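Trainee: I have a structure I would like to understand better, so I am pasting it below and will then ask my questions one at a time.
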Amino acid sequence: MNNLKHFSKLKRFQQLLLTTLLGDIPTIFGGVKLRNLLYRTIFSRIGSSVYIQDGVEFISTDAIEIGNGVYILKGVRIDGKGHENNRIHLENGVIIERNVLIGALNNTSIHIGQDTFIGPSVCISGPGNIKIGKHCLIADHTAMYANNHNFADPTEPIKYQGITCKGIVIEDDCWLGHGVKVLDGVTIGRGSVIGAGAVVTKDIPPFSVAVGVPARVIKKREGKEFAQSTELPMSS
């Protein structure tokens, strides 16, 4: 047991050392190439042609898997700490724009599918599993929270009443507009479009267009109207 703890501390020290030394080296001084080469020793996996800009923060890199051709830009924080079962997987061709926060926290899997774009200042937060499909567009300032706080007992502080985690699924080829909020337990069906500023509290069927707070389906993408409104507040 002591040997295992010693190995774990040594591994964390190696991760911290490499990410601290290499994380802020600018591209002009070969930072991208150095990170691509040396981060392989501390990550679960890093594919080929990966672009990690300077100023990206990684925590618990052994829980993070990065596919081929992934772009991660300045200010991103990807945090896999909190549980030995935590996993964060970015598939081939994923683009993570500036200042995105991805955090697993506790016994959580976060999976972002092939060729998906994550816009600036998006928050993808466990605990609770989150799966984003292939070819999705997630606009800036979108947030996904795969948990809820219990608050039934008014005599006890909410922070001590625990949480529930059902998880979030966003299927392939979805577009979430600026500032969308997706709450725990929601599945957004394949090919759906969610209007800017919507708060998604319930499942959205495939190929739907949904807007509002809470989000409601106003039409299907093939053109069948569910409401009189046809103006969608969208932003990429």
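The values are calculated or read from the model by the stated rules, or taken from the named source; none is laboratory data. All of these numbers come straight from a predicted model, not from anything done at the bench. A quick note on method: Cβ atoms are made from the backbone with ideal geometry, for glycine too, and the neighbour counts reach across all protein chains shown. What goes into the accessible areas is simple: the full protein's heavy atoms, side chains included, and nothing from ligands, DNA or RNA. Shrake-Rupley method; radii C 1.70, N 1.55, O 1.52, S 1.80 Å.
Trainee: Select from the range 68-88 the residues that are assigned to a strand (DSSP E or B), charged (D, E, K, R) and either open to solvent by less than 30 Å² (accessible area, probe 1.4 Å) or without any contact (Cβ under 8 Å) to a residue 24 or more places away in the chain (or both) and list them in ascending order.
Mentor: Taking the range 68-88 and keeping what is assigned to a strand (DSSP E or B), we get 71-72, 77-79, 87-88.
Filter once more, keeping what is charged (D, E, K, R): 77, 79, 87.
If the condition is that a residue be assigned to a strand (DSSP E or B), charged (D, E, K, R) and either open to solvent by less than 30 Å² (accessible area, probe 1.4 Å) or without any contact (Cβ under 8 Å) to a residue 24 or more places away in the chain (or both), then 79 is the only one that fits.
Trainee: Here's another thing I want to ask about it. Could you give every pair whose Cβ atoms fall below 6 Å, whose first residue belongs to the range 103-127 and is more than 21 Å from residue 82 (Cβ to Cβ), and whose second residue is outside any loop (DSSP other than H, G, I, E, B) and open to solvent by 10 Å² or more (accessible area, probe 1.4 Å), counting only separations of at least 6 or pairs across chains?
Mentor: Taking only residues 6 or more apart or on different chains, the pairs are 117/95; 117/137.
Trainee: Where residues in the range 50-66 are in a strand (DSSP E or B) and of a type in the set (Val, Ile, Thr), which of them is surrounded by the most Cβ atoms within 10 Å (Cβ to Cβ)? So that I can check it myself, show each step before the final result.
Mentor: Keep residues of the range 50-66 that are in a strand (DSSP E or B), which gives 51-52, 57-59, 64-66.
Within this subset, residues satisfying the condition of being of a type in the set (Val, Ile, Thr) are 52, 59, 64, 66.
On the way: 52: 25, 59: 18, 64: 25, 66: 27.
Checked the range 50-66; the qualifying residue surrounded by the most Cβ atoms within 10 Å (Cβ to Cβ) is 66.
Trainee: Now, a different point. Restricted to the range 157-181, and to residues that are among the hydrophobic types (A, V, I, L, M, F, W, C) and surrounded by 17 or more Cβ atoms within 10 Å (Cβ to Cβ), which residue is farthest from residue 119 (Cα to Cα)? First the steps, then the outcome.
Mentor: Applying the first criterion (among the hydrophobic types (A, V, I, L, M, F, W, C)) to the range 157-181 yields 158, 163, 165, 168-170, 174-176, 180.
Keeping just the survivors that are surrounded by 17 or more Cβ atoms within 10 Å (Cβ to Cβ) gives 165, 168-170, 174-176, 180.
On the way: 165: 25, 168: 18, 169: 18, 170: 15, 174: 14, 175: 11, 176: 10, 180: 12 Å.
It comes out as 165.
Trainee: Also, I was wondering about something else. Which residues, taken from the range 110-126, are modelled with pLDDT of 95 or more and buried (at least 21 other Cβ atoms within 10 Å of the Cβ)? Don't jump to the end; show me each part of the working.
Mentor: Applying the first criterion (modelled with pLDDT of 95 or more) to the range 110-126 yields 110-124.
Matches in the range 110-126: 110, 112, 113, 116, 118, 119, 122, 124.
Trainee: Hey, another quick one. Somewhere in the range 134-156, is a residue more than 23 Å from residue 68 (Cα to Cα), open to solvent by less than 60 Å² (accessible area, probe 1.4 Å) and in contact with a Phe, Trp or Tyr (Cβ under 8 Å, 6 or more places away or on another chain)?
Mentor: No; the residues of the range 134-156 include none that is more than 23 Å from residue 68 (Cα to Cα), open to solvent by less than 60 Å² (accessible area, probe 1.4 Å) and in contact with a Phe, Trp or Tyr (Cβ under 8 Å, 6 or more places away or on another chain).
Trainee: How about the range 189-216: which of its residues are crowded, with 17+ Cβ neighbours inside 10 Å, aliphatic (A, V, I, L, M) and under 19 Å from the mean Cα position of the chain (by Cα)?
Mentor: Answer for the range 189-216, where residues must be crowded, with 17+ Cβ neighbours inside 10 Å, aliphatic (A, V, I, L, M) and under 19 Å from the mean Cα position of the chain (by Cα): 193, 194, 196, 198, 200.
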